[in-house]
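One structure is given below, encoded as structure tokens.
Each reported figure results from applying straightforward, stated rules to the coordinates on display, with no laboratory input. Because the structure is a prediction, the values reported are computed rather than measured. Cβ coordinates were reconstructed from backbone atoms using ideal geometry, including for glycine residues, and neighbour counts include every protein chain displayed.
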């Protein structure tokens, strides 16, 4: 067993252990941290498979952006998952059965793709391009239409998410920029001419020092 195979088994074991702890940890913050560990282990496995672009994308996008944002939300909102986990052990047998069936179906579909007698050898020119550039050429030439369809689906999902959050509430106050632009100076400031008022002089106080005759 060489060092690459040993590292593959180590990272795979860490990945499986972290994945189990994601759904079994009592704290939501701990689950998020174990998910970060699972992503990092998967990134290491991809590095061993010489998929450097996918590995660095997983670290930058999921660990560096998505999971950090998720941790901020969880820690700021103080979300408790006790009620969600009330029926966890009750539904565990059915969930495990469904998970095993899904794993078997994925294995039946994906395993034929790994049964290659000899891996195709790259030409010298293709080997000089590098993994990332070859991936970009493959995606934007042979898989251009699926890429565009995926982009349209993501755009529709973004618009749907924005539409769901734009529900108007009666107790909320908002500003209308179009109405603010139409406002003129006369609508905001009105000058009124008023006659000046002069206060009357105060009457002199009676002299109390004058004595009676």
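Compute the FRET efficiency between residue 104 and residue 4 as 1/(1 + (r/R0)^6), taking r as their Cβ-Cβ distance and R0 = 25 Å, and round to the nearest 0.05. Once the sixth-power term is evaluated, E becomes 0.35.
Shape verdict for the range 1-93, please, from the Cα gyration tensor: rounded (a/c under 1.5), prolate (a/b greater than b/c) or oblate. It would help to have the intermediate numbers written out before the result.
Working: a/c = 3.52, a/b = 1.56, b/c = 2.26.
Since a/c reaches 1.5 but b/c is at least a/b, the shape of the range 1-93 is classed as oblate.
So if R0 is 30 Å, what FRET efficiency would residue 166 and residue 74 give, r being the distance between their Cβ atoms, rounded to the nearest 0.05?
Once the sixth-power term is evaluated, E becomes 0.75.
As a rough footprinting exposure proxy, the listed residues 178, 31 were ranked by other beta carbons within 10 Å of their own, and the order from fewest upward is 178, 31. For a label point 7 Å from the Cα of residue 13 along Cα→C-beta, name the residues of the range 20-47 whose backbone N is under 20 Å from it. Within reach of a label on residue 13: 20-22, 34-35, 37-47.
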